[in-house]
Amino acid sequence: MTFFLHGLGHFHPENEVTNAFLETLDIGTTEAWIMERVGIRSRRTTLPLDYIRTTRNREGWTARGGDGARTGGGPRRRRRHGHRRLVRDGYRDAGRGL
């Protein structure tokens, strides 16, 4: 068996979203609840924190015609939806890796 490693990379976004930050957004969660349920203290994002603070990251759902709530539908439906968005945005090889 032959294995080729063609690249290795790392990216660490500057913006850190802590549980305390999420609690200040008044979205119905607390720092303690997040730690108890998922055990995550913080996560990194490329989005500006002011954007998250202003929109509470809802624009992505409402821009696609949703009501701001996740509708689910299972992994196959989400994969199909993701593929359509990539094709719509002009990515030729949108089917690769999906």
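In table form, for the structure just shown:
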| read-out | value |
| --- | --- |
| Residues of region 11-28 classified as exposed (fewer than 10 other Cβ atoms within 10 Å of the Cβ) and over 18 Å from the mean Cα position of the chain (by Cα), total | 2 |
| Where a residue in region 2-29 is in contact (Cβ under 8 Å) with a residue 12 or more places away in the chain and at negative phi and its partner, wherever it lies, is surrounded by 10 or more Cβ atoms within 10 Å (Cβ to Cβ) and of a type in the set (Gly, Ala, Ser), with Cβ under 8 Å and at least six apart | 16/42; 17/42; 18/42; 19/42 |
| Criterion (out of contact with any strand residue (DSSP E or B) (no Cβ under 8 Å at 6 or more places or on another chain) and at pLDDT 90 or above) met by exactly one of 69, 20, 94, 63 | 20 |
| Residue count for region 23-46, restricted to those that are of a type in the set (Ser, Thr, Tyr) and closer than 21 Å to residue 13 by Cβ | 4 |
| Given (1) exposed (fewer than 12 other Cβ atoms within 10 Å of the Cβ); (2) at pLDDT 70 or above, index of the condition residue 31 fails | (1) |
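The values are calculated or read from the model by the stated rules, or taken from the named source; none is laboratory data. Worth saying up front: this structure is predicted, and the values here are computed from it rather than measured. Reconstructed Cβ throughout: ideal geometry from the backbone, glycine too, with neighbour counts over all protein chains shown.
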